[in-house]
Amino acid sequence: MSLLSPTRRTFLTACTAMLMATSTAGRARTISGGPPVSPDNTSPPEQVRLGPWQFFAADEASLVEAAVDRLIPPDERGPGGKEAGCAVFIDRQLAGPYGRAAGLYTRPPFMPGAETQGYQSPDSPAARYRAGLKAIAAYVKATYSGKTFAELAAADQDKVLSGLETNAIKLDGVKGPDFFTLLLNNTMEGFFADPIYGGNRDMAGWKLVGFPGARYDYRDWVERHNEPYPLPPVSIMGRADWTTKG
Amino acid sequence: MTTATRTLLAASSAILILSGAAFGRDKQSFDQIGHGRYLTTLSDCAGCHTAPGGAPFAGGLPLQTPFGTLVAPNITPDTETGIGNWSDDDFVAAIRDGRGHNGVRLYPAMPYPAYTKMTRDDVLAIRAYLATVPPVRHNVVANQLPFPFNIRLVMLAWNWVNFTPGRYMPDPGKSAEWNRGAYIVQGPGHCGTCHTPKNLLGGDKSDQPLQGAVLQGWFAPNITADQHKGIGQWSKDDLAQYLKTGTNKWTLASGPMAEAVTHSTSQMTDADVTAIAAYLLDSGAGQSTKPAPVAADDPVMKAGAAIYKDACSACHKGDGSGESQLFPRLAGSSLVQSDDPTTLVRMVLHGSYAVATPAAPTGPGMPAFDWRLNDAQAAAVVTYIRNSWGNAAPPVSADTVSRSRAQLAKSP
Amino acid sequence: MARKLPRKDVVIIGLGWTGSILGYELAKAGLDVVAIERGPWRDTATDFPPAYAPDELRYAVRLDLFLRPAQDTLTFRNKMNQTALPIRNFSGFLPGNGVGGAGVHWNGQTWRFLPTDFKLRSHLEQRYGKAMLPDDMTIQDWPVSYDELEPCYDRFEKLCGTSGKAGNLRGAIQAGGNPFEGWRSSEYPTPPLKQGLAATLFAEAARKVGHSPFPQPASNLSEAYTNPLGIRMGQCSYCGFCERFGCGNYSKASPQVCVLPALLRFPNFTAQTESEVTRINLDSTGKRATGVTYVDTSGEEWEQPADMVLLCAFSFFNVQLMLLSGIGKPYDPQTGQGVVGRNYAYQTTSGVSIILKDKVLNPFIATGAHGMIIDDYNGDNFDHTGLGFFGGGYMGAGQTNGRPIQTRPVPKGTPKWGAAWKKATAETYQHGFGLSTHGSSYSYRDCYLDLDPTYKDRFGRPLMRMTFDFHDNELKMSAYLTERLAEIAKAMNPSEVSAHPRKGPYDSTIYQTTHNTGGTVMGSDPATSVLNRYCQSWDVHNVFVPGGASVFPQNHGYNPTDTVGALAYWTADAITTRYLKNPGPLM
């Protein structure tokens, strides 16, 4: 410790010595004299925590868990969609900006168009799940003597899912193929996205295909042709080997 | 004044003409002002006495010292709030002896224990230059220390223990370049203010000059020619390039040194940075013995290796070689192997931006990892970096990381 | 009422590649420059550091770095008799947002157009006869030649540090390079990237079939490099998170990496971020711009007076601002009169997927721009007599990633889910690979941009309306190229091969490229162009559109960025050496 030491400005000013960043208003800003950089501005993703459902009601969650486990069934190659956390992933996504259609163009008028013109409904993904799950539950209840989707045998669950996919099943107020595509896409996202978002638990999706995950340096392997990459997958929050053993 | 410094004055005088204050002065005082302007840069007066974005030399930002807050005062020629009514002798006494106007004792945050080495001519040249800057009325309450440190007379006792007044005495056995370097390092450049370890009172441990010290949550590394803990592996050109541009093939300046580079060393003449290099690389420090590295099969090292591979190699490369002038080389780095891991730990947790200079404008950033690594993981990767590729240094504990994390959360 | 700011010499709208290059060149020339950017500041170590840059969901699927449609989008229809509907979520193409623009998330593919591309109409008419071109095809010669632009290409590639192997050095054909390319005044700044197995096998097969494969020119650097601005770049680490992502280790060229650290050192340069220019203001004659009006994030309106306005936004938004500001005559497809919005074009891409069952491909070891390529079927490098189409493209093995949400090859006939899907996915991931063609998109009378009559942006301004569909010429071209590519693919002895030539209609929901060109095209005739050969407005002499892809008269069989960068330098030279001496029309 030293009384003599602080003849320099603080660290913060060292970072911004060249910087004159002033605000005109709001977040808009005027930058001159050097890049407005500080390591404090970092924006890492937040780790999804296990815990109660944030978007789904209990019956919705059980339907989704059963469905993702048929879309990606457990087998000798590894866990299915449920164990891999796909339903948790979808729940957290729907509770967040994605569920609200944040950032999308949502101004009227809403008119049906050609396929090539893309999605044209005012419904957000969250609203589509609410309606889609309700319609599927009603269909299953009516068709399978009062049962829920989760109570159906696997073969019947598959039958419902492919009925939605092929438009063979008509749902009340919901286009089956559209909802099926949404559910399938989100399930695949959950299975293959970084585990930090709640799915791909234990990197099950990455292990299934042999994707090494959130790595950033393959210089040592680019010319090792025809040799499998030797290291296990790593997630943004690391892997087991990061923790000292013994 | 050396011939070299006279030559460079011609270059800086172009700007002086603009200041207006130089008009009408005779040739000698014109030269003196130019010389003073350069010495002001060499001594980095603005580093403390100019607040960022503030009027030049009108007073700095509050400096947090271990003993309390000090503010570098207004040294513009304003007669009321600056130093306009100081005599030359007042000025020389302040710079070289820490005795201010009317005998007020200065705190050694003002590096008079280094400036005492300067010649009277050089000090008066600074004085002459400062007399030409626009006077600014700005009252600075310099002393904001708590009792008992706010009693300036305390410094009398401090000086008795820690302060050795006296000019720099050239070593006739060394070259003019070496002596010039020694003069800058010990005098105006006040390198030891940061880089020399301090005793409990904050005075220099004069038997360990430039062997590295902690300040403001950074470790100012050993800059002696020690092969292991110092910069003995650097060539003269490497060091001169570092001072001039803020970077070289080994490393990049950041933290407090980034500021020293911006305000002072990057503006030095080529001859002066080369002279500093000549002196520092011949500073005759004892060669430390390298400890045995932590074994690669140590569980902490194995965890550290996995983290390094996954999180660090994209920039610093698998073999720790980094990238010249972009990503610091970790293999063989004395800073990495310092006994004190303060800088290394804060870099991993908090990140930092390297200095950008006209000659090396890149200014790359090291991102923060505090959100990604827990204390044990950060400790493991730091221990791994300190003990791989030929490096060897004591392991760093999770507790050390934890303390650093807490400190950074308080004052990044 | 807008609050008026102090006058500047130059106001730049948009701080991407062209804005930062023009900013640097004009600040260096001593002008007082402000760049107004509607998106945020972005920086490597905080916006996409290696620790979380490799996040497919955030960046490639949720599109973290891109323009949000809520901020601005456009409407789309294939045909003039349809009602255009808004693109509510970008997916077919992805405009950038923020400082660096599309230069942050691009692949790094750095191609020059062919010398004959610059005189496309006259070349084709001369070689094949005027009657062979479709009546509604509105292609035209560029007002600059390849020879004129060559030094500018060279400068942009040196700015980026582009990695590659020259195929034509001052007229001498070089082994290992692209023998069809225009002459180069110098070798690439850095050597080619390393290649993976699939690209190596493709090159062997292409050679067997008689072609000349070469490494794709990439601004993802094979080794560390210091550019002419003194800025240091790193070595690409083949992470496979390139396009749609920012680069975490300073190895992919971008305005952030290559220009801004030097540009921001100029005391006479200022960037104003998160502020959107709503119009370019004209004086009472309508012949001179007086500056721009912009709105900041709080909704406050500001007027920035300036002597010169440089429109450096993404192509659609260049066109939109010209139309909203009343600069140039809007294009009318019925009469063919007018110019602003005319000659919108795109890119005609296609693919051939292969499975090499006995090879381990490690598809995740990739960059946005490596790979082995042939150029035998680009532009007019091959005889089009009797083929029934014009144009072409490069083709090759340049798969950019193995990110598993979006890249999961499976054999033909595999279901999309369930046990069979899982088995096929697990068994194919390491062995599947995509080859691709990157074809030209010529311009047509009924492919254009105008203001939408119904849909508005958040300021109440009409959205851009895109009317675009593929024409027979392009679909035939794609079929021909894809067939050629499949022939090479078969020579790789794959266990499975499937060709996917581009089919109509154009589908705005399927990602193809973000190479949206035209709308403010440069030309020699004010009746068919918005800008003269110096990218200067014919109508308002102190407005320039310095080289965004909106100035292309049609699109050729290459990625646009190298030409965009070259035209930025071309325009900067015209301004500093000609316009500043005598402000007024340069033609």
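Looking at C:387, C:361, which is the one that is of a type outside the set (Lys, Arg) and within 14 Å of chain A (Cβ to nearest Cβ)?
After applying the criteria, what remains is C:361.
Please enumerate the residues belonging to the stretch C:24-81 that are assigned to a strand (DSSP E or B) and either of a type in the set (Asp, Glu) or more than 30 Å from residue C:6 (Cβ to Cβ) (or both).
C:66, C:74, C:75, C:76, C:77
Tally time: how many residues in the stretch B:95-130 are outside any helix (DSSP H, G or I), away from chain A (no Cβ under 14 Å) and surrounded by 18 or more Cβ atoms within 10 Å (Cβ to Cβ)?
Within the stretch B:95-130, residues that are outside any helix (DSSP H, G or I), away from chain A (no Cβ under 14 Å) and surrounded by 18 or more Cβ atoms within 10 Å (Cβ to Cβ) number 4.
Which residue is nearest to residue B:363 (Cα to Cα), if the candidates are limited to the stretch C:204-222 and must be assigned to a loop (DSSP other than H, G, I, E, B) and free of Cβ contacts under 8 Å to residues at least 60 places away in the same chain?
C:222
Could you tell me which of the residues C:450, C:457, C:472, C:525 is surrounded by 21 or more Cβ atoms within 10 Å (Cβ to Cβ) and more than 22 Å from the chain's Cα centre (by Cα)?
Unique residue meeting the criteria: C:457.
Could you list, in sequence order, all residues of the stretch C:244-271 that are free of Cβ contacts under 8 Å to residues at least 40 places away in the same chain and either more than 7 Å from chain A (Cβ to nearest Cβ) or in a loop (DSSP other than H, G, I, E, B) (or both)?
C:251, C:264, C:265, C:267
Can you name every residue in the stretch C:272-300 that is among the acidic types (Asp, Glu), in contact (Cβ under 8 Å) with a residue 60 or more places away in the chain and either more than 14 Å from every other protein chain (Cβ to nearest Cβ) or farther than 20 Å from residue C:323 by Cβ (or both)? Give the derivation first.
Narrowing the stretch C:272-300 to residues among the acidic types (Asp, Glu): C:274, C:276, C:283, C:296, C:300.
If we keep only those that are in contact (Cβ under 8 Å) with a residue 60 or more places away in the chain as well, we get C:274, C:276, C:300.
Within the stretch C:272-300, C:274, C:300 meet the criteria.
Can you tell me which residue among B:119, B:69, B:81 is among the polar types (S, T, N, Q), at pLDDT 90 or above and either farther than 28 Å from residue B:273 by Cβ or over 27 Å from the mean Cα position of the chain (by Cα) (or both)?
Unique residue meeting the criteria: B:81.
If we keep just the residues of the stretch A:179-221 that are in a loop (DSSP other than H, G, I, E, B) and away from chain B (no Cβ under 13 Å), which is farthest from residue C:416 (Cα to Cα)?
Looking at residues that are in a loop (DSSP other than H, G, I, E, B) and away from chain B (no Cβ under 13 Å), I get A:198.
Can you tell me which residue among C:234, C:240, C:230 is free of Cβ contacts under 8 Å to residues at least 40 places away in the same chain, small (Gly, Ala, Ser) and at positive phi?
None of the others qualify; the one that does is C:230.
Which of the residues that make up the stretch C:227-240 are surrounded by 24 or more Cβ atoms within 10 Å (Cβ to Cβ), more than 7 Å from every other protein chain (Cβ to nearest Cβ) and either in contact with a Leu (Cβ under 6 Å, 6 or more places away or on another chain) or under 14 Å from residue C:44 (Cα atoms) (or both)?
Within the stretch C:227-240, C:233, C:236 meet the criteria.
Against the condition at positive phi and without any contact (Cβ under 8 Å) to a residue 60 or more places away in the chain, how does residue C:88 come out, does it pass? Break it down into steps so the answer makes sense when it comes.
Values: at positive phi: no; without any contact (Cβ under 8 Å) to a residue 60 or more places away in the chain: yes.
Spelling it out, it is not the case that residue C:88 is at positive phi and without any contact (Cβ under 8 Å) to a residue 60 or more places away in the chain.
Condition (residue is hydroxyl-bearing (Ser, Thr, Tyr) and more than 7 Å from every other protein chain (Cβ to nearest Cβ)) applied to the stretch B:328-336: is it met by at least one residue?
From the stretch B:328-336, those hydroxyl-bearing (Ser, Thr, Tyr) are B:333-334; that's our starting set.
Narrowing further to those that are more than 7 Å from every other protein chain (Cβ to nearest Cβ): B:333-334.
Checking the stretch B:328-336: at least one residue is hydroxyl-bearing (Ser, Thr, Tyr) and more than 7 Å from every other protein chain (Cβ to nearest Cβ).
Taking the stretch B:185-218, which residues are under 14 Å from the mean Cα position of the chain (by Cα) and more than 30 Å from residue B:35 (Cα to Cα)?
B:197, B:211, B:212, B:213, B:214, B:215, B:216, B:217, B:218
Could you check residue C:348 against (1) surrounded by fewer than 18 Cβ atoms within 10 Å (Cβ to Cβ); (2) among the polar types (S, T, N, Q); (3) in contact with a helix residue (DSSP H, G or I) (Cβ under 8 Å, 6 or more places away or on another chain) and say which number it fails?
The single condition residue C:348 does not satisfy is (1).
Could you count how many residues in the stretch C:452-489 are over 19 Å from residue C:93 (Cα atoms) and touching a helix residue (DSSP H, G or I) at 6+ places or on another chain (Cβ under 8 Å)?
Summing the residues that are over 19 Å from residue C:93 (Cα atoms) and touching a helix residue (DSSP H, G or I) at 6+ places or on another chain (Cβ under 8 Å) in the stretch C:452-489 gives 4.
Filtering the stretch B:49-82 down to residues that are in a loop (DSSP other than H, G, I, E, B) and of a type in the set (Val, Ile, Thr), which residue is nearest to the other protein chains (Cβ to nearest Cβ)?
Once the filter is applied, the top-ranked residue is B:75.
Looking only at the stretch A:103-126, count every residue that is surrounded by fewer than 20 Cβ atoms within 10 Å (Cβ to Cβ), of a type in the set (Gly, Ala, Ser) and either more than 8 Å from chain C (Cβ to nearest Cβ) or closer than 19 Å to residue A:165 by Cα (or both) and tell me the total.
3
Identify, by number, the condition in (1) buried (at least 17 other Cβ atoms within 10 Å of the Cβ); (2) over 26 Å from the mean Cα position of the chain (by Cα); (3) away from every other protein chain (no Cβ under 14 Å) that residue A:129 doesn't meet.
Of (1) buried (at least 17 other Cβ atoms within 10 Å of the Cβ); (2) over 26 Å from the mean Cα position of the chain (by Cα); (3) away from every other protein chain (no Cβ under 14 Å), only one is false for residue A:129: (2).
The values are calculated or read from the model by the stated rules, or taken from the named source; none is laboratory data. Owing to the predicted nature of the structure, the values given are computational and were not obtained by experimental measurement. Every residue, glycine among them, receives a Cβ derived from its backbone with ideal geometry; neighbour counts consider all protein chains shown.
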